[in-house]
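Undergrad: Have a look at this one before I ask anything.
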Amino acid sequence: MQQQLMKIIDEMGKASAKAQNLPTPITSASRMQTNRHVLYILKDSEAKMTGKGIIIGFLKVGYKKLFVLDRQGAHNEVEPLCVLDFYIHESLQRHGYGKELFHYMLQRERIEPYQLAIDRPSEKLLCFLRKHYSLSDIIPQVNNFVIFHGFFSHQHAPARKLPPKRSEGDIKPYSLSDREFLKEETEPPWPFNQSRALTRSSSVGNSPVRGCLKPFLNEQELLKNLRLCPPHAAAQHLINGDPGNLLSQRRRTSSLNRSENSH
């Protein structure tokens, strides 16, 4: 029985996709097992063609989180009941079966037609809603869903509103102060900032121009300069290995300072 039902759902999904010129079916048994959508199936139990009745059509609905626009262009985060797929066999259309199935769904879900969001409705479905439920005042959206007048005034939960989207002319990549900040460059540390070759362009919009920095002294020049520097007297005593002279010199310096202070 379950395998037969899964086959029926797959075949109805294919027929619905073909009627709507969709590349792939949006209703299948595998998808119904992985989501929380509800599938209403209308069957003619009085038909004796196969002894088991025939499938007339189906209606799939489910709750989805959406961002929709109101009349003022503000974004609203809502989770309405959505009509996701609706199909009546071509040979049985215009016999009242569609309205019977749709009305049964409204009663079971305890919802009004204007509270629904319709996913990618065909022209036939829009005519159906306009004829049977007087839904013609559409609130334009930027997604594939269609909502009608009265949608926001009858939400069960308060809609979460976001500020209206600004026009493209008002949107700037960054402000003037940001551009000035990006143009500035951090001053390099010593000794790089001592180079005269470092110059900065004063024209607006140009990047700073940096010249080549003066290379460091090589090892030989560095040793040469160190040799030319006269050693300190204290260092000379340490080099000669005579720390006693250094200690006596410190004592004499200390005694001289005390004598000068006494005078």
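Undergrad: Measure off 7 Å from each Cα along the Cα-to-Cβ vector at Ile54 and Ile111, then give the distance between these two points in nanometres to one decimal.
TA: Going from the Ile54 label point to the Ile111 one covers 3.0 nm.
Undergrad: Next question, about the same structure. Leaving ligands, DNA and RNA out of it, work out the accessible area of Ser91 with a 1.4 Å probe and give it in Å² to the nearest 10.
TA: Roughly 80 Å² of Ser91 is accessible to a 1.4 Å probe.
Undergrad: From largest accessible area down, sort Leu5, Leu129, Leu69; use a 1.4 Å probe on the protein chains.
TA: Most to least solvent-accessible, the answer reads Leu5, Leu69, Leu129.
Undergrad: Hey, another quick one. Taking the Cα centre of region 1-115 as origin, work out the dipole magnitude from +1 charges on Lys and Arg Cβ and -1 charges on Asp and Glu Cβ, in debye rounded to 20.
TA: The dipole magnitude comes to about 220 debye.
Undergrad: Per residue Cα convex hull volume for region 5-159, in cubic angstrom?
TA: Hull volume over Cα atoms, normalised by residue count, gives 121 Å³.
Undergrad: Beyond a 19 Å Cα-Cα separation, which of these cross-linked pairs lie in this structure: Lys18/Lys99; Lys60/Lys99; Lys18/Lys131; Lys14/Lys64; Lys18/Lys43; Lys99/Lys124?
TA: Beyond 19 Å: Lys18/Lys99; Lys18/Lys131; Lys14/Lys64; Lys18/Lys43.
Undergrad: From the protein chains alone at 1.4 Å, what is the descending order of accessible area for Thr27, Thr34, largest first?
TA: Largest accessible area first, the residues go Thr34, Thr27.
Undergrad: Label points 7 Å out from Cα along the Cβ direction at Lys14 and Thr34: separation in nm?
TA: Output for this residue pair reads 2.0 nm.
The values are calculated or read from the model by the stated rules, or taken from the named source; none is laboratory data. Keep in mind it's a predicted model, so treat the numbers as computed, not measured. Glycine also receives a Cβ, built like all others from the backbone with ideal geometry; neighbour counts cover every protein chain displayed. We work out accessible area using only protein heavy atoms, side chains counted, and drop any ligands, DNA or RNA first. Shrake-Rupley method; radii C 1.70, N 1.55, O 1.52, S 1.80 Å.
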